[in-house]
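Trainee: Okay, here's the structure, questions in a sec.
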Amino acid sequence: MSEQQLIIEKLRREIEKTQSEIKVSNVGQVIKVADGIAQISGLTDVMASEILEFPNNVLGLALNLEETSVGAIILGEWEKIKSGDLVKTTGRVLSVPVGDDLLGRVVNPLGEPLDGKGSIRQEKFYPIEKIAPKVMEREPVNTPLHTGIKAIDTMIPIGRGQRELIIGDRKIGKTAFSLGLILNQKQDMFPTPVCIYVAIGQKESKIAKIVADLEKAGSMEHTIVVSASSSSSASLCYLAPFAGCAIGEYFMDKGRDALVIYDDLSKHAQSYRQISLLLRRSPGREAYPGDVFYLHSRLLERACKLNKEKGGGSLTALPIVETQAGDISSYIPTNIISITDGQIYFESELFYQGKRPALNVGLSVSRVGSKAQTKAINSVSKSLRLDLAQYRELAAFVQFGQELDKSTQQRIERGKRITEVLNQDVYKPMCFEKQVPIIWAAVKGHIDSIPVEKIQEFEKRFLGHLENRYPSIFSEIRKKMDLTEDIEKELKKAVEEFKNYF
């Protein structure tokens, strides 16, 4: 190599070194802005989901990377931005602050406090978009997440690390069920998970009532509320579930259990449709963009139970989806049913008949099943689903006024009593060691002689009788998590004794 070539090569290396040391800010210009969306030209070196800096301390998020322009959603007051404003790249993808300081707080999807309790210390940030854990980093779901609802824990159990869809029409108890689940975690025997409630497009008054109810019950100390209310922009509603998921992943990575409730993903899909149409993306079925399935799958796939090498933490996802007139075959419900590990279907007809929870046993399923149950609950609930299904079939048949044989009448009468036992008031979760005796009594026929209208009174007084006279039954069930022969003998003695003076 000649001396001249050596000098040129040396200069080239020095220029490369200088360029790597100096951070070059990529600057563009706003072409047009409207409805929270900005079209920007000149940003030749921008990443997808990168944070952009607009004038007046307004931030944006790059979503559409086109050949001649960039489409960005604005995360603040878009009215402050006008055509011709300069826009800078930051080199950072959108992240949310995470940590124990968030416990008991209400924040927006950017991690900013909304509860008036002062600022939150921001030590660590997690990206809102993250690749889900690999298959080899996961382990099977085998630890129950008790809901405190007898019908759910016995027939459609939820495990830690599972994705279980809650689906049904509006105003029939979906949110009430999820809040009851949060309340139950304090009295459960397993470690209390960090609960993250993500409110998407809800009224601010409803969110305030939820927070007040959780505070009154003392459950806010292990709960974080991520709020993107109906008055928030579509951009914040779109980001809310991803922010809640990132906060949950922080606790999962620390080896703890976390639960994220997305209330609800129907409104999330609508906000994404709004953003996509404004960004001129092609509309597909029901005007949703073609990637709305991928939007929810990459969110829900992040829920899992990690193996011991990765810390053994778990992230449980409970997405809520609203149906129209009970139609679970529409676009968004079928999408999310195919992503999740089962669904809990609330039916409006049962709700208006006074059934609480209004659970449709035929359409509800848990693909984890008995693996996410304690042996005690599994042993008493094996025949419960079948008994209930047979009762509902026979009850429909009886409406035609057919004469019935004795065994069929007995099944119907037992079915009525089991249905009444499974009725449960809202916000009154029952710990699993109390569920076992009453379900056992119903399935074994010990309450067949009790009038249906007195079943609720019988349950309350029977559990009180066990607490006063046989407290060891509860402690043994909790300790062994199984219904042994000795416990069953004790239970039989207790129920016969109680029936004599009931």
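The values are calculated or read from the model by the stated rules, or taken from the named source; none is laboratory data. Predicted, not measured: the structure shown is a model, and the values here were computed from it. In this analysis, Cβ positions are derived from the backbone assuming ideal geometry, glycine residues included, and neighbour counts consider all displayed protein chains. Side chains included, ligands, DNA and RNA excluded: accessible areas come from the protein's heavy atoms. Shrake-Rupley method; radii C 1.70, N 1.55, O 1.52, S 1.80 Å.
Trainee: Are there any pairs, at least 6 apart or on different chains, whose C-beta atoms fall under 8 Å, with the first in the range 330-357 and outside any helix (DSSP H, G or I) and the second of a type in the set (Gly, Ala, Ser) and at pLDDT 95 or above, and if so, which?
Mentor: Partner pairs satisfying both residue conditions: Thr340/Ala317; Tyr345/Gly168; Phe346/Gly168; Glu347/Gly168.
Trainee: Look through Tyr272, Tyr294 and report the one residue that is surrounded by fewer than 16 Cβ atoms within 10 Å (Cβ to Cβ), farther than 16 Å from Gly244 by Cα and without any contact (Cβ under 8 Å) to a residue 60 or more places away in the chain.
Mentor: Exactly one residue qualifies, and that residue is Tyr294.
Trainee: For the range 282-301, indicate whether the set of residues that are hydrophobic (A, V, I, L, M, F, W, C) and in contact with a Pro (Cβ under 7 Å, 6 or more places away or on another chain) is non-empty.
Mentor: Looking for residues that are hydrophobic (A, V, I, L, M, F, W, C) and in contact with a Pro (Cβ under 7 Å, 6 or more places away or on another chain), one finds at least one in the range 282-301, hence yes.
Trainee: How many of the residues in the range 298-347 are of a type in the set (Val, Ile, Thr), open to solvent by less than 10 Å² (accessible area, probe 1.4 Å) and out of contact with any Leu (no Cβ under 8 Å at 6 or more places or on another chain)?
Mentor: Of the residues in the range 298-347, 1 are of a type in the set (Val, Ile, Thr), open to solvent by less than 10 Å² (accessible area, probe 1.4 Å) and out of contact with any Leu (no Cβ under 8 Å at 6 or more places or on another chain).
Trainee: I would also like to ask the following. Here is a check on your reading of the model: is Gly173 more than 16 Å from Asp264 (Cα to Cα) and small (Gly, Ala, Ser)?
Mentor: Criteria not met by Gly173.
Trainee: Follow-up. Conditions first: (1) touching a residue at least 12 places away in the same chain (Cβ under 8 Å); (2) more than 21 Å from Asn57 (Cβ to Cβ); (3) of a type in the set (Val, Ile, Thr). Val135 passes all but one, so which condition is the exception?
Mentor: Condition not satisfied by Val135: (1).
Trainee: Run down Lys444, Lys479 and say which single residue is basic (Lys, Arg), over 21 Å from Ala358 (Cα atoms), open to solvent by 50 Å² or more (accessible area, probe 1.4 Å) and over 34 Å from the mean Cα position of the chain (by Cα).
Mentor: Exactly one of Lys444, Lys479 is basic (Lys, Arg), over 21 Å from Ala358 (Cα atoms), open to solvent by 50 Å² or more (accessible area, probe 1.4 Å) and over 34 Å from the mean Cα position of the chain (by Cα), namely Lys444.
Trainee: For the range 213-232, how many residues meet the condition of being open to solvent by less than 10 Å² (accessible area, probe 1.4 Å), more than 16 Å from Gln187 (Cβ to Cβ) and not aliphatic (A, V, I, L, M)?
Mentor: Result for the range 213-232: 1.
Trainee: Filtering the range 447-474 down to residues that are polar (S, T, N, Q) and in contact (Cβ under 8 Å) with a residue 24 or more places away in the chain, which residue is surrounded by the most Cβ atoms within 10 Å (Cβ to Cβ)?
Mentor: If we take residues in the range 447-474 being polar (S, T, N, Q) and in contact (Cβ under 8 Å) with a residue 24 or more places away in the chain, then Gln456 is surrounded by the most Cβ atoms within 10 Å (Cβ to Cβ).
Trainee: For the range 364-385, check the following and say yes or no: at least one residue is closer than 25 Å to Gln202 by Cα and open to solvent by 30 Å² or more (accessible area, probe 1.4 Å).
Mentor: no
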